[in-house]
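Laboratory data are not the source of any read-out in this text; all were calculated from the coordinates shown. In this text the structure is predicted, and so the values were computed from the model without any measurement. A quick note on method: Cβ atoms are made from the backbone with ideal geometry, for glycine too, and the neighbour counts reach across all protein chains shown.
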């Protein structure tokens, strides 16, 4: 399971909930950070071990004498100079380990001009070894190095990583017992921490007879009895987690749940809700225009919806069915979350960018029919592909595709009040 | 909440149309993308073993035909028509399990034997056969790089019908085709990878770059080509311009005529070419001067091939090879860049004492009269081995010369150029200008289009 290495040992949202008990806890945290810091540099250097060893062996095989070799390292790759210096130190060490005496160029009998280049397979060491008119070329291919993590910049919104995997994710739900349920394109997977690592416990295939729409969407809903339902275009799956994970899928046009008691029909071959909305206990269905998402603010008579329609508009609709206002620059994903800040309700909205661009989530307070942005938008490393309000209404599950790594990253996003 | 919701529905539909549109981020279905090209392809069949597919053929191929394997944006193999695969330890025998339920554009199922026929036709050196429902590819020499090879356009799965047409399984199906003039594609509703967001694509061929620019300006086109020397100006005019990495090699290819049989003469011509000047002036510093066959971003080693213009050495070689004949250099008359390069090559060669007369020719009615040609060789793949092996398959006199490791590729690159029958000049990117309503446009580094993911913003009222 490749994905496990991308994820923290304990989901960060669980760690945030841990109470502060004593100074002992702070000491442990400090110790952990200290150990992590002092171990980071050797870990980075280890990335070069295998390739520098292989390159050193090839260079040594082509030199006439080990007593006077000058080594120069040039960088043609996109790596920063600090990492190239690491590589150079690793190579020098490997050459010395093989009995090579490294000298300045004017004292050298032979030269090794090493270039760290880059190609579509990763990084390429290229060494030109020789002297005068006699030169050999040796090369060593190495894979792409893991990109340096960028610290998220959050002010009014906080995100806790839930899960990362190379394959697309449609929805992720944290289970009460610490497990994670991940809805993928073709399967639903259960992960748990075992032996201090996230492990795939079980996976159940999602049967479907027709090809999925290109921009596939799906939603996971946990039931009170511990079972779950997965909603996908034209398909619904019912399943259990205990005693073992299973999912039974069938073709279905039944509506998807938007909020308690509010359901909406989803197109079986597209990426949007058709606009038909059904209320629990009613045989009637209301009609909106087709929409991508809706943020609901259940405040009784003062309630309102913000709907992101497929025609590119995001509109505030009041309880009388009036379009109160249209918001500019909002993307197709909106969700409502409750918090202890401001009015107690915030609308989250993506940017109006396409999937080739970096996305961000902004939080808005609805004041006097206007959306007032609160705090700094929460930046993501790629487009947000899914956002659903969580069952508790106080957070939203956000899935973004990281354009640097290609992986899909799921977060739990909630509002943080300024103190 | 429920009573509020009832009220909400009552008037919402009527009132929604009152406000202007704003923006959107999730892909929208519908619309026709209008694309213009200067090329005039006569065939949609990408599988032509004896000739290198043009950029246009490669691009069109990806819309209509699928391959067993695709490379993702990081160059990693992903399942295409093949759902899974396995190979023996020495990579001589591969087994591919086909994706089930795939339909050809004519509605008939894609049967395994059709895949076998298609691959066998484009790869005479492979032994392709059926084993039950699975496809077996075997070769006398190891094929460690087979997955990247299968992702090339020339390995598209093309089914020839009795009517003499070609049918594919790709995201778009052909609804109208006038060779060299116009192509209309419609979305494949049953595409295994999900129906494209666009309803259709209209491609007009043979449009001059000037006409294309005018059509974009007047809203008659959504995607046009941009000449490399016009990129800066287009950007200054506020146009949305996207570029690939250097993705097409412009080179000189020599004929077998006796007039150019002397390698010293060919080397002299190669040495006379001032590639840096071509890159700086004709290309306005786009692309890269080419001494090897692959661009640096693909090979990683191309910097080792120094771009050297040596007129003195060229003159010396010229003098050693006897009296120089007057040579003819052909270029595609519809390609302004090829013409400019041909003229520059002629001037450079003159400085070395070689007389070269450039002339334009119609690519479709090409004659065998020219001594040498300006050729455009699109990257067959972002994978170095697949890209170089594709060049080798067409231009090598010894047939395909398999190479896989960087050192083997470096050696093959040198071998392919050692007789100076193929002289690299520059690597150029593909450049496109897009109308504002085009969304999700991704330009792969190796060039081409990913139109199945493109969507169009709704026209504003």
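Normalised radius of gyration for the stretch B:247-429, please: alpha carbon Rg relative to 2.2 N^0.38 Å, two decimal places.
Details: Rg = 15.5 Å, N = 183, 2.2 N^0.38 = 15.9 Å.
For the stretch B:247-429, the normalised Cα radius of gyration is 0.97.
Just the Kirkwood number for chain B, please: inverse of mean 1/r across all distinct Cα pairs, in Å, one decimal. Before the final figure, lay out each step's value.
Details: mean 1/r = 0.0417 Å⁻¹.
After inverting the mean inverse Cα-Cα distance, the result is 24.0 Å.
Evaluate the relative contact order of chain B (contact order divided by residue number), counting alpha-carbon pairs under 8 angstrom at least 6 apart; express in whole percent.
Working: 924 pairs, mean separation 96.5, N = 461.
Value for chain B: 21 percent.
Based on other C-beta atoms within 10 Å, arrange A:171, A:254 from fewest to most.
Values: A:171 23, A:254 13.
With the fewest neighbours first, A:171, A:254 line up as A:254, A:171.
Fully extended, how many nm does the chain gain between residue B:211 and residue B:313 (0.36 nm per residue separation, minus their Cα-Cα distance)?
Separation in residues times 0.36 nm, less the Cα-Cα distance, equals 32.3 nm.
In degrees, nearest 10, range 0 to 90: what is the angle between the Cα axis of helix B:406-417 and the longest Cα principal axis of chain B?
Relative to chain B, helix B:406-417 is tipped by roughly 60 degrees.
Rounded to the nearest Å, what's the spacing between the alpha carbon centres of the stretch B:299-377 and the stretch B:113-156? Just the number, please.
The two parts, judged by their Cα centres, are 37 Å apart.
Considering all projection directions equally, how large on average is the shadow of the alpha-carbon convex hull of the stretch A:49-142, in square nanometres? Before the final figure, lay out the partial values.
Numbers: hull surface 22.6 nm².
Mean projected area of the Cα convex hull: 5.6 nm².
At a Förster distance of 35 Å, what's the computed FRET efficiency of residue A:64 paired with residue B:284, Cβ-Cβ distance as r, to 0.05? Numbers along the way, then the final one.
Values: r = 47 Å, r/R0 = 1.33.
The formula returns an efficiency of 0.15 here.
With an 8 Å cut-off on Cα pairs and a minimum separation of 6 or more residues, tell me the relative contact order of the stretch A:49-142 in percent.
Values: 174 pairs, mean separation 32.2, N = 94.
This gives 34 percent for the stretch A:49-142.
Inside 10 Å of the C-beta atoms of A:111-121, what's the mean count of C-beta atoms belonging to other chains? Show your work: numbers first, answer last.
Details: counts 0, 0, 0, 0, 4, 1, 9, 4, 15, 18, 11.
That average works out to 6.
Report, in cubic angstrom per residue, the convex hull volume of the C-alpha atoms of the stretch B:242-300. Intermediate results must be reported in sequence, preceding the final value.
Working: hull volume 6.6 nm³, N = 59.
Considering the Cα atoms of the stretch B:242-300, their hull volume per residue is 111 Å³.
Set the Förster distance to 30 Å, then compute FRET efficiency between residue A:340 and residue A:205 from the Cβ-Cβ distance, nearest 0.05. Working shown, then result.
On the way: r = 42 Å, r/R0 = 1.39.
The computed FRET efficiency comes out at 0.10.
Let's test the formula: R0 of 45 Å, r as the Cβ-Cβ distance of residue B:306 and residue A:49. What FRET efficiency results, to the nearest 0.05?
Approximately 0.90, to the nearest 0.05.
Compute the long axis of helix B:336-351 from its Cα atoms, compare it with the longest principal axis of the Cα atoms of chain B, and write down the angle in degrees, 0 to 90, nearest 10.
10
Report the label-to-label distance for residue A:109 and residue B:240 in nanometres (one decimal), using points 7 Å from each Cα along the Cα→Cβ vector.
6.3
If you stretched the chain out fully between residue B:76 and residue B:43, how much longer would it get, using 0.36 nm times the residue separation minus the C-alpha to C-alpha distance? Kindly include the intermediate steps, with their values, before the conclusion.
Numbers: separation 33, 0.36 × 33 = 11.88 nm, distance 2.98 nm.
Net length gain for the segment: 8.9 nm.
For the stretch A:211-226, list residues with backbone N below 19 Å from a point placed 7 Å from the Cα of residue A:238 toward its Cβ?
So the set is A:219-226.
How long is the gain from residue A:97 to residue A:57 if the chain were fully straight, where each residue apart is worth 0.36 nm and the alpha carbon distance is subtracted? List each step's numbers first, then the result.
Details: separation 40, 0.36 × 40 = 14.40 nm, distance 1.04 nm.
So the extension gain works out to 13.4 nm.
What is the angle, in °, between the Cα long axis of helix B:55-64 and the longest principal axis of the Cα atoms in chain B? Nearest 10 is fine, range 0 to 90.
30
Obtain the nm distance between the two label points defined at residue B:256 and residue A:82 by a simple spin-label model: each point lies 7 Å from its Cα along the Cα-to-C-beta direction.
Roughly 6.0 nm, to one decimal.
Find the relative contact order for the stretch A:80-238 and round it to a whole percent, using C-alpha pairs within less than 8 Å whose residues are 6+ positions apart.
On the way: 197 pairs, mean separation 15.0, N = 159.
Computed value for the stretch A:80-238: 9 percent relative contact order.
Just rank B:165, A:313, fewest to most, by other beta-carbon atoms within 10 angstrom. Each step should come with its number before you reach the end.
On the way: B:165 14, A:313 23.
So the ranking, lowest neighbour count to highest, is B:165, A:313.
With each pseudo-label sitting 7 Å past Cα toward Cβ, what's the residue B:106-residue A:223 distance in nm, one decimal?
A separation of 4.8 nm, rounded to one decimal place.
Using only the Cα atoms of the protein assembly as shown, what semi-axes does the equivalent ellipsoid have when each is the square root of 5 times a gyration tensor eigenvalue? Give whole Å, largest first.
The answer is 52, 35, 26 Å, longest axis first.
Taking the beta-carbon count within 10 Å as an exposure proxy, list A:292, B:29, B:427 from fewest neighbours to most. Present the calculation step by step, with values, prior to reporting the outcome.
Working: A:292 26, B:29 22, B:427 29.
Placing the least packed residue first, the sequence is B:29, A:292, B:427.
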